[in-house]
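**Student:** Shown below is the structure under consideration.
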Amino acid sequence: MGDDVTTPTSTATNKKPKMGIWLLLVGAVIMLSGLLFGYDQGVIAGALGGIQKSFGASTTMIQIITSWVTLGALVGALVAGVLADKVGRRVTILLAAVLFTIGALFEALAPNTTVLIIGRLIVGFGVGVASVAAPLYAAEQAPTRLRGRFVSTYQLAITIGIFIAYLVDQALINNDMWRVMLGVSAVPAVLLFIVMFPMPDSPRWFVKVGRRDDAIKALSKVRPDVDAAAEVAEIEKAAQEDDADKATWAEVFSKKLRKPLMIGVGLAVFQQITGINAIIYYANKIFAQAGFSTPEDQAAATTWAIGAVNVLATLIAVVYVDRFGRRPLLLAGLVGMASALLTVGVSFHFMENADTSGAGTGGPTTAGIITLVALVVFIASFAFSLGPVVWTVINEIFPNRVRGRAVALATAVNWGSAWLVSQFFLTLIETIGNSATFYLFGFFAVVAYVWIWKTVPETKGRSLEEIQQIWEDDDPVQAQRDAGTL
Ligand code: BGC
């Protein structure tokens, strides 16, 4: 979710921006990209049962079908930056929409698991490309005052996408219509293509490739209330001063940037190894184990306990992240997540040792209900903390010059960790059991708490330049404590 943008703060941008039709369409692009991203992540939860029946797929195969979207996304996120610079943001997003559509068709029509997996990889690649290109495009098109909101809309749209996918799953689960569930994602993909097609590329990209007149034309179209020529002149000036294009990978890994890099990568890893996507992808299976015996009951629990709660709690974070600060939200969220994971572990322990697990007997047991409540607490805690805040921090801790590369790296590490978890979750459950698997996620949540408490400084209310000064201290957290700002 890169945002390597230095939009100049001219007097024009300080005025309250007018939301014209073209600016609304930029909002629609970011919304649709997030929806697609979320839909493709969430839909698999309800589709797995039918896929397993159709192909008699083994556990390993089910994990590959589930997780290879994240492998595709990892590659997509890495190439997206280069692509967006070469062919432009607009063409890159159009390409992602085409990939989504082709991938969805492969999935829906797959005659065997190989074609299905190819479809998952293509969709994943589209997800990865869009996850970098869409927020970048929106951030470059948005007036400064709306930039934060446009970018956080993206996270919200992802959770809405997951929720819609769960609703579709729920509606279709009775007849195991997994092909329709997966195929439906072609609809928002085609919509994204239609909305994006008439849009101009971002003025910043036009300036980057030396197309000044197009930059002015694009700006006057999207934001008719600003003096386009003056603003483009400022973008040109900022682009000359900002030598981001000359930054190298060696710089990203240099000693000077060791601290923010460790923090960015660490947060990206902890966001995933505490189990979020195991729950998003395998929710129905977890609820089945917890005694929700019919696919309908499982799907309903997934839709409301996971999907709806995720959207609501994300809304809270989007509103409060600048008021409470990053550290308190992260730490509070991890306390909720760790306690919830521990509770799920304990209640699975009881279910595994009881004769009446509830499965097949018509309703969830007390332990099953406790699991449901604990998962609600987990999702809510994640969604107001690690979910959005990790991305906020990753996008603000690096200096302008290397931000694009560093954010792409952290994003790829995040997808890599998501792949690890979703690829091995069911195997873990089969080998060490449900309880131990959730204890393990809980243990990682405790480690994350201690690590964040010790090493992640507060960045709330600081300009990007002030954040860079933080890294000059040997121990930034201790320095903030000494200064009484923590
Ligand atoms: C994570 C995704 C996750 C989503 C759930 C995001 O912040 O990066 O991996 O699926 O939150 O809402």
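**Student:** Could you grab me the full set of residues in the stretch 247-256 that are open to solvent by 10 Å² or more (accessible area, probe 1.4 Å) and in a helix (DSSP H, G or I)?
**Tutor:** Trp249, Ala250, Glu251, Lys255, Lys256
**Student:** Related question: Conditions first: (1) within 19 Å of Pro295 (Cα to Cα); (2) in a helix (DSSP H, G or I); (3) over 20 Å from the mean Cα position of the chain (by Cα). Thr66 passes all but one, so which condition is the exception?
**Tutor:** The number of the failed condition is (3).
**Student:** Follow-up. From the list Pro188, Pro198, which residue is touching a Leu at 6+ places or on another chain (Cβ under 7 Å) and within 12 Å of Val29 (Cβ to Cβ)?
**Tutor:** Pro188
**Student:** Quick one: which of Lys217, Lys208, Lys259 is outside the structural domain of Ile44 (by TED's automatic domain parsing), open to solvent by 30 Å² or more (accessible area, probe 1.4 Å) and charged (D, E, K, R)?
**Tutor:** Lys259
**Student:** Here is a list of conditions, (1) within 17 Å of the chain's Cα centre (by Cα); (2) more than 16 Å from the ligand (Cβ to nearest atom); (3) not aromatic (Phe, Trp, Tyr), and Ser381 meets all of them except one; can you say which number that is?
**Tutor:** If we test Ser381 against (1) within 17 Å of the chain's Cα centre (by Cα); (2) more than 16 Å from the ligand (Cβ to nearest atom); (3) not aromatic (Phe, Trp, Tyr), just (2) comes out false.
**Student:** Quick one: in the stretch 227-246, of everything that is part of a loop (DSSP other than H, G, I, E, B) and modelled with pLDDT under 85, which residue is farthest from Leu464 (Cα to Cα)?
**Tutor:** Ranking the candidates gives Asp243 first.
**Student:** Then there's this: If you check Ile51 against the conditions, is it open to solvent by less than 10 Å² (accessible area, probe 1.4 Å) and of a type in the set (A, V, I, L, M, F, W, C)?
**Tutor:** yes
**Student:** Out of Val407, Val421, report the one residue that is within 14 Å of Leu261 (Cβ to Cβ) and not basic (Lys, Arg).
**Tutor:** Testing whether each residue is within 14 Å of Leu261 (Cβ to Cβ) and not basic (Lys, Arg) leaves just Val407.
**Student:** Let me ask you something else. Quickly run through the stretch 141-164 and pick out the residues that are part of a helix (DSSP H, G or I) and in contact with a Pro (Cβ under 7 Å, 6 or more places away or on another chain).
**Tutor:** Across the stretch 141-164, the qualifying residues are Arg145, Leu146, Val151, Ser152, Tyr154, Gln155.
**Student:** Can you tell me how many residues in the stretch 384-397 are modelled with pLDDT of 90 or more and either among the hydroxyl-bearing types (Ser, Thr, Tyr) or away from the ligand (no atom under 16 Å from the Cβ) (or both)?
**Tutor:** 2
**Student:** Follow-up. Mind checking which residues of the stretch 165-216 are in a helix (DSSP H, G or I) and without any contact (Cβ under 8 Å) to a residue 40 or more places away in the chain?
**Tutor:** Within the stretch 165-216, the first condition is being in a helix (DSSP H, G or I), and the residues that meet it are 165-175, 178-183, 186-196, 203-208, 212-216.
Within the stretch 165-216, Ala171, Asn175, Val187, Ile194, Phe206, Val207, Arg212, Asp213, Asp214, Ala215, Ile216 meet the criteria.
**Student:** Shifting gears a bit: Take Gln63 and tell me if it is at pLDDT 90 or above and either assigned by TED's automatic domain parsing to the domain that holds Val207 or within 16 Å of the ligand (Cβ to nearest atom) (or both).
**Tutor:** So Gln63 fits the description; yes.
**Student:** Can I ask one more? For the list (1) in contact with a helix residue (DSSP H, G or I) (Cβ under 6 Å, 6 or more places away or on another chain); (2) surrounded by 19 or more Cβ atoms within 10 Å (Cβ to Cβ); (3) touching a residue at least 60 places away in the same chain (Cβ under 8 Å), I need the number of the one condition that Ile279 fails.
**Tutor:** (1)
**Student:** Looking at Ala108, Ala84, Ala134, Ala80, which is the one that is assigned by TED's automatic domain parsing to the domain that holds Val184, part of a helix (DSSP H, G or I) and within 15 Å of the ligand (Cβ to nearest atom)?
**Tutor:** The match here is Ala134.
**Student:** Which number in (1) farther than 14 Å from Gly416 by Cα; (2) within 14 Å of the ligand (Cβ to nearest atom); (3) touching a Phe, Trp or Tyr at 6+ places or on another chain (Cβ under 8 Å) marks the one condition that Ile280 misses?
**Tutor:** Of everything listed in (1) farther than 14 Å from Gly416 by Cα; (2) within 14 Å of the ligand (Cβ to nearest atom); (3) touching a Phe, Trp or Tyr at 6+ places or on another chain (Cβ under 8 Å), Ile280 misses just condition (3).
**Student:** Could you list, in sequence order, all residues of the stretch 29-40 that are open to solvent by 30 Å² or more (accessible area, probe 1.4 Å) and either modelled with pLDDT under 90 or more than 16 Å from the ligand (Cβ to nearest atom) (or both)?
**Tutor:** none
**Student:** Quick test for you: out of Gly76, Gly56, Gly124, pick the one residue that is over 30 Å from Asp214 (Cβ atoms) and buried (at least 24 other Cβ atoms within 10 Å of the Cβ).
**Tutor:** Criteria check complete, one pass: Gly124.
The values are calculated or read from the model by the stated rules, or taken from the named source; none is laboratory data. In this text, all values refer to a predicted model and were calculated from it rather than measured experimentally. All Cβ positions, glycine included, derive from the backbone under ideal geometry; neighbour counts span all protein chains shown. We work out accessible area using only protein heavy atoms, side chains counted, and drop any ligands, DNA or RNA first. Shrake-Rupley method; radii C 1.70, N 1.55, O 1.52, S 1.80 Å.
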